[in-house]
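The values are calculated or read from the model by the stated rules, or taken from the named source; none is laboratory data. All values reported here derive from a predicted model rather than from experimental measurement. In this analysis, Cβ positions are derived from the backbone assuming ideal geometry, glycine residues included, and neighbour counts consider all displayed protein chains.
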Amino acid sequence: MFSSLQILFKRIDNNKLFQSFIIFVIVVSALSVGAHTYSLPPWFDRALYLLDHGITVFFLIEIVIRYIASKGFKDFFSKGWNIFDVVIVVGSLIPVAGSTVFIARLLRIFRVLRLVSMIPELRMLVNALLKALPQMGYIALLMFVIFYIYAATGSMLFANINPDLWRDVSIAMLTLFRIATFEDWTDVMYETMEVHPLSWIYYLSFIFLTAFIFLNMMVGVVLEVMTKEQSTFDQAKLTDDEKPATAAQVQALQRQIELLNQAIMEQRDK
């Protein structure tokens with residue numbers, strides 16, 4: 001009985017129409033959350049309230065279907081995206097009332113993120129970003145060191161010119177972040193150049209390091225990881241007949257050919 005139900009739910013879970021309907025419900029859920037931010041007539045607000053409950057029930061049923069369709073508790077929760085979906089759905093069960101109203105509404109907003117878990121291409125992008133984070137972390141650490149050195153130098157050189165921008169290291173790092181994002185950075189540079197004419201070297205060298213070198217390093221890391229993830233994603237979509245043979249399979253095939261040639265030669269000798 002349970003095995004037949006599991007097969008049925010697995011078919012439902014793998015059905016393209018069912019997957020498309022889930023994406024449609026997620027989009028409707030996102031629109032309903034956005035609609036709550038407007039001043040609405042009481043009847044429309046009541047309709048959104050009932051719609052929100054209906055969406056929550058649907059997501060709960062969908063999670064149950066996916067759980068039964070899986071091979072068991074360990075198999076289901078071994079996948080990070082399943083854990084993510086369960087947290088979002090369980091969080092949506094918090095009633096929008098009392099002191100928990102903010103948390104409940106916040107978790108309902110995060111239901112939009114279920115689009116990532118439902119669309120394979122989005123999952124691939126997020127997985128690539130997560131795998132790139134360790135390498136990006138080292139680049140960010142090196143950027144922090146550069147920021148700190150330039151901030152300490154800028155504070156010593158320019159604190160008397162404009163204390164609001166260069167008073168101490170922390171304020172100077174905020175100023176450098178403004179410069180790195182090109183937010184009116186020339187105003188800051190021209191102000192210090194009135195006292196230190198060669199201070200443009202300080203700004204241009206900092207921009208060259210942060211905006212060009214480190215930013216391109218970040219992009220390079222992401223592109224490298226994303227290329228590998230795209231290759232893995234494309235391989236996963238191939239059927240067994242479409243997948244290229246592995247080295248072990250090629251060696252086994254070569255061995256079979258050698259044995260066949262030996263058999264043919266022995267047959268000829270006879």
Residues (part of a helix (DSSP H, G or I) and modelled with pLDDT under 70) located in the range 84-102: G98, S99, T100, V101, F102
Take the range 66-83 and flag every residue that is surrounded by fewer than 16 Cβ atoms within 10 Å (Cβ to Cβ) and either small (G, A, S) or part of a helix (DSSP H, G or I) (or both). G72, F73, K74, D75, F77, S78, G80, W81, I83
Restricting attention to the range 1-60, and to residues there that are in contact (Cβ under 8 Å) with a residue 60 or more places away in the chain and among the small types (G, A, S), which single residue is surrounded by the most Cβ atoms within 10 Å (Cβ to Cβ)? S29
